[in-house]
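What follows is a short report on a single structure.
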Amino acid sequence: MAAESKERKTWRYDFAAIETKWQRYWEDRGTFRAPNPGAPGFDASKPKFYVLDMFPYPSGAGLHVGHPLGYCATDIVTRYKRMRGFNVLHPMGFDAFGLPAEQYAIETNVHPAVTTKKNVEMYRRQLKMFGFSYDWTRELATSDPGYYKFTQWMFKLLVESWYNDQCRWTAADGTEIVGRARPIGELVAELESGRWGVDGNLDLVRSPEADGRREWSGMSATERRKAIDRHRLAYIDEVPVNWCPALGTVLANEEVDSEGRSERGGHPVFRRPLRQWMIQITKYAERLVTDLDELDWPEPIKIMQRNWVGRSFGAEVVFPLADKWRIENGRWIHQTFTPAYSLDGGEWPDAVKIYTTRPDTLFGATYMVLAPEHPLVEKITTPSQRKAVHQYAEAARRKSDLTRTAEAKEKTGVFTGAYAINPVNEKRIPVWIADYVLMGYGTGAIMAVPGSDRRDFEFACAFDLPIVAVVKPTADWIEERLAALTGGLNEAAASGFDRVAAEVPELAETVAARRNRADDLGGRTVEVLRNNVGMDRLVNHYVRHPRSWGEAFVEEGIAVNSPGESEADVPDGVCRLDGLPTEQAKRRIVEWLERTGVGEATVNYKLRDWLFSRQRYWGEPFPVLHDESGEVVTVGDDELPVELPAMEDFRPTPAPETADSLPEPPLSRAQEWVKVSRGGRRFRRDVNTMPQWAGSCWYYLRFIDPHNATRFCDAAAERYWMPVDLYVGGAEHAVLHLLYARFWHKMLFDLGYASTREPFQKLFNQGMIQGFAFRDRRGMIVGPDQVDERGEDEFALKGNGEPVARIIAKMSKSLKNVVNPDEIIGQYGADTFRLYEMFMGPLDASKPWNTRDVPGLYKLCQRIWRLFVDEETNMVSPALVDDPPDRDSQRALHKLVQRVTQHIELLKFNTAIAAIFDFVNAVTPLARRPRAVLEPFVLALAPFVPHLAEELWSRLGHSDTLAYAPWPAYDEALARDDEIEIALQVCGKIKSRITIPADADEKILEAAALADEKIVAAVAGKTVRKIIVVKGRLVNVIV
RNA sequence: GGGCGAGUGGCGGAAUGGCAGACGCUGGGGGCUUAAAACCCCCUCUGGUGAAAACCGGGUGCGGGUUCAAAUCCCGCCUCGCCCACCA
């Protein structure tokens, strides 16, 4: 405790000794152990609070200063809630499986199990230095077999369940839900009983007399298995992957550059289909969107999740192929089916089904486009087009998604030679293929409405296809377009404009006249045009000649160019849209589509099924076996965990750089492990592993009961602790982790293993801690150690003095601006570090680390220390007295407690700490500081600087930890000032200030203002028209 | 291209319709000290007038608007950051 100075003994604030002492105390006594219900020491009378951090991925670099930002915040909340009398669950663990560990292991040639263990130890040691009040008995790591045993068990649940999307049920909390994951046995029972059948696509058919329905009794064992497998929540499908033979590994889209080469090494990458596990997260799309409404999450995160799920409302419409179908008296007749094919309930043969969000624009569909991979392409392409179509489709297939996107500027495509019939106007329209249509969204085919869609417009221009406007543009849009077309005198704009002008003579004349006067053609020109030509003529011109205007009107508006309501010569049964605003037109056309059987309203989602296999070593093995015929069975629960085999060589296997080589995951080389026999049958284990997300999908549940060997978590404990009341982490997980975990939780909820519909009730995103970096004249990055500060915002290179610019950027090795928390703690202590990070600014803002600011917080710790401890004697300061509190120190205390309490609740720690500064500034000068004021102050300090607070608490004579001491109360009346300063304004300008009793009412304030001599002077000679009095703030005199 | 967020002193930030710049850092001045460190006190948005006290004015990215009153609300623009990106 004692730091000895050279000349005389003083008893300084010795953070190192204090922090070590109290960390040991907490650890030895198990101060922060949180018992589960029923366990010894559990107090059922207290409410619960579950505070969760996003657990770290233990990388080789160790903790950097960004990690503790969120952890400091949750620790403050945790300690505060504990003192408010909550049972608090606050655990920590490690997301220890995953690609970076494997990559690091490959680079350093050390086994990932070894590096992971080492890194976890380093992280744990670093985390403990901060004095976070985790219940360390609950620590877990996702790579621990005792943990992934249950990850595998949950994967088995996915395999052994299906999603009944027609199941209406009431959850225990009373909510009505449509759709529910159920054990696969329930589906089998329905099929076996004959109540349900399947159709040709193996979709479920529930009505007994539906067309194409196949009965269970008439199916072979293999067919039955296929039908069942197709409905499992986890299923196997052929999915294209980015296969890089040279690296011997499959790459994520982001790891492939736009040239189709690997980002690392620049080796060729091939798109190859691979049999992989997929998870039907899409079944939960609707619930993942609607359940967001009741969560206390930042709105931007909710928006991101909604966008990711991408729900849209529209219609599916059938476009029959022209050489197969004709229409007679409103009835569709197929050429070859005799008798005429019945449409009731069945799929249309020889027809293209499209999805659109704008069914109101159906009359403007002048051609169609299929994705190059669309299954119909083969079938409909005419012989003369076959070669071109093939080439195009093949080229598209090789391109990665990224490449396709990168080339998005130029529209490309090929005509198939086939025509389809637009069902609303019975026109023959050509069918094209183009890579701007994606197989993965909607039906993989579109109707092209170049008059109402930007991409279709570009395509129609590129290939000279007809463009029909079906929505009347607004005057605003026409003006904007005109301004763009006539803007300035530049040639390109003018030539675009000339096309319009050629057909509207008055318009041309006006412009020519102005052009001759060398006037500006922007701005006012539009005004002149509007007056000379008239907006109606311009709007009508667009409706007749949209192409001339160079851009499509894609917004909503009034329908045009379709049969109108009042037109007499329209045959019966034709849909009339003209004159209707978009919303009504949509409703009318959908009704028409459904009545005539060529379409229906549908909901579509961008969300895709989740690709769950990775061709990597360092992950959870799949708990499944493949037999020689390809049949898949799950292993028994008693065989879990399926342990990852210890392999000397965990590296990927490079393969020859040919397009037909296939990835060989590292596990395939563990030959003894791979081969399994059961009951005389021979099986092979799945050699893929699960993605890193798997372990983090349910770790918050394992924390509740981490040592349970028989169940992932005790049911009663789960009911007690869930949901997580506060979840803090970085925004980089806004979509994927949080969406996957929500899905996973809902699956467990449906099957009765989780008691809440959502896992994380409140979410908070911490901002990023950035760093300063320096850039010299040539743009090279220079480390801060080589830079001198020359003056205010002026920096120069050490040595030659060349000026450098300071930038704020992410902390990274390449910018040489990473700050190591160990160093800061070594120099100033954990309490100072915690204060600094919390005082930097709002928790959710990104802000730059500036080590220069740290000593200010260190000074605060020292000042607090001296309030209590006499440095000469190492005794409690003589200024600390047992007097009853005087008004000033009492007010300071109540202000402090009020502000700290309110700001902790709002997670505004920077301003809470400002309140602590204010308090210290207020009581430092006092010669006598009452114990009744300083004791509660220590308690209010405890969440922020727990070590210092414990030390002071014990020096004040308490023998027990303050971790469970009741949080100090405050009285708003005692926190209030007796007198306050009021601003006096004349016409909103401050002219004077007065000090007046805080409770002065409006009348007194008004009178005081009018009596003030500066106000009297300012209003002299004018009539006072009005006086606005804001109590406690200001008086504004209007003259 | 779309979505989301941000822009306030030399710096981090405070104030979410009511006194702009709380609190901290940096810098400057002073005190204590043989001296230094530490510590304590004062000043520190800006222009003008003034010896000074003080007084007058401007100011929250830019331009407009609403209001007695705008950093805060509305419209338009600029810059930066993050996420998504041909989603029909």
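The values are calculated or read from the model by the stated rules, or taken from the named source; none is laboratory data. If you're wondering where the values come from, they're calculated on a predicted model, not measured in any experiment. Cβ: placed from backbone, ideal geometry, glycine included. Neighbour counts: every protein chain shown.
Worth a mention:
- Residue match in region A:57-68 (condition: under 15 Å from A:Gly729 (Cβ atoms) and assigned to a helix (DSSP H, G or I)): yes
- All helices (runs of 4 or more DSSP H) inside region A:861-952 with 2 or more residues being touching a strand residue (DSSP E or B) at 6+ places or on another chain (Cβ under 8 Å) and not polar (S, T, N, Q): A:931-941
- Residue count for region A:410-445, restricted to those that are within 8 Å of RNA strand B (Cβ to nearest atom) and free of Cβ contacts under 8 Å to residues at least 60 places away in the same chain: 3
- Positions within region A:1017-1026 being more than 9 Å from RNA strand B (Cβ to nearest atom) and surrounded by 13 or more Cβ atoms within 10 Å (Cβ to Cβ), in sequence order: A:Val1019
- Criterion violated by A:Ala105 - all others in (1) out of contact with any Pro (no Cβ under 7 Å at 6 or more places or on another chain); (2) aliphatic (A, V, I, L, M); (3) farther than 19 Å from A:Leu906 by Cα satisfied: (1)
- Considering region A:847-881, and only residues there that are over 30 Å from A:Gly826 (Cα atoms) and not small (Gly, Ala, Ser), the residue that is farthest from RNA strand B (Cβ to nearest atom) turns out to be A:Val881.
- Residue check, A:Ile106 part of a helix (DSSP H, G or I) and closer than 30 Å to A:Ala965 by Cβ: no
- First in region A:273-300 and of a type in the set (Ser, Thr, Tyr), second anywhere and within 16 Å of RNA strand B (Cβ to nearest atom), Cβ under 8 Å, 6 or more apart: A:Thr282/A:Tyr605; A:Thr282/A:Leu607; A:Thr282/A:Arg608; A:Thr282/A:Asp609
- Scanning region A:164-187 for residues that are polar (S, T, N, Q) and surrounded by 13 or more Cβ atoms within 10 Å (Cβ to Cβ) gives a single hit, A:Asn164.
- Scanning region A:627-686 for residues that are under 37 Å from the mean Cα position of the chain (by Cα), among the β-branched types (Val, Ile, Thr) and outside any strand (DSSP E or B) returns A:Val635, A:Val642, A:Thr653.
- Given (1) free of Cβ contacts under 8 Å to residues at least 40 places away in the same chain; (2) away from RNA strand B (no atom under 13 Å from the Cβ), index of the condition A:Pro884 fails: (1)
One line per residue, one yes/no per condition, for (1) touching a residue at least 12 places away in the same chain (Cβ under 8 Å); (2) farther than 21 Å from A:Phe612 by Cα; (3) outside any helix (DSSP H, G or I):
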{"position": "A:Arg124", "(1), (2), (3)": "yes, yes, no"}
{"position": "A:Phe132", "(1), (2), (3)": "yes, yes, yes"}
{"position": "A:Thr151", "(1), (2), (3)": "yes, no, no"}
{"position": "A:Asn164", "(1), (2), (3)": "yes, yes, yes"}
{"position": "A:Arg168", "(1), (2), (3)": "no, yes, yes"}
{"position": "A:Ala172", "(1), (2), (3)": "yes, yes, yes"}
{"position": "A:Gly179", "(1), (2), (3)": "yes, yes, yes"}
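- Residues that are surrounded by 12 or more Cβ atoms within 10 Å (Cβ to Cβ), away from RNA strand B (no atom under 15 Å from the Cβ), within 17 Å of A:Lys895 (Cα to Cα) and of a type outside the set (Asp, Glu) occur in region A:961-969; there is at least one.
- Total residues in region A:10-46, condition within 24 Å of A:Gly826 (Cβ to Cβ) and either within 16 Å of RNA strand B (Cβ to nearest atom) or β-branched (Val, Ile, Thr) (or both): 8
- Some residue of region A:90-99 being in a loop (DSSP other than H, G, I, E, B) and more than 29 Å from the chain's Cα centre (by Cα): no
- In this structure, A:Val938 does satisfy being more than 15 Å from RNA strand B (Cβ to nearest atom), modelled with pLDDT of 95 or more and of a type in the set (A, V, I, L, M, F, W, C).
- Screening region A:302-325 for residues that are hydrophobic (A, V, I, L, M, F, W, C) and near RNA strand B (Cβ under 8 Å from one of its atoms) and picking the one that is surrounded by the fewest Cβ atoms within 10 Å (Cβ to Cβ) gives A:Ile303.
- Qualifying residue in region A:826-846 (condition: buried (at least 17 other Cβ atoms within 10 Å of the Cβ), within 8 Å of RNA strand B (Cβ to nearest atom) and in contact (Cβ under 8 Å) with a residue 24 or more places away in the chain): yes
- Filter result for A:Ala448 (at pLDDT 95 or above, within 14 Å of RNA strand B (Cβ to nearest atom) and among the small types (Gly, Ala, Ser)): yes
- Taking every residue in region A:217-245 that is surrounded by 18 or more Cβ atoms within 10 Å (Cβ to Cβ) and pairing it with any residue that is part of a loop (DSSP other than H, G, I, E, B) and at pLDDT 90 or above, at least 6 positions away or on another chain, the pairs with Cβ-Cβ distances below 6 Å are A:Leu233/A:Gln280.
- Region A:983-1016, residues that are within 9 Å of RNA strand B (Cβ to nearest atom) and more than 54 Å from the chain's Cα centre (by Cα): A:Lys1014
- Only one entry in A:Lys908, A:Lys895 is within 30 Å of A:His64 (Cα to Cα) and either within 16 Å of RNA strand B (Cβ to nearest atom) or in contact (Cβ under 8 Å) with a residue 60 or more places away in the chain (or both), namely A:Lys908.
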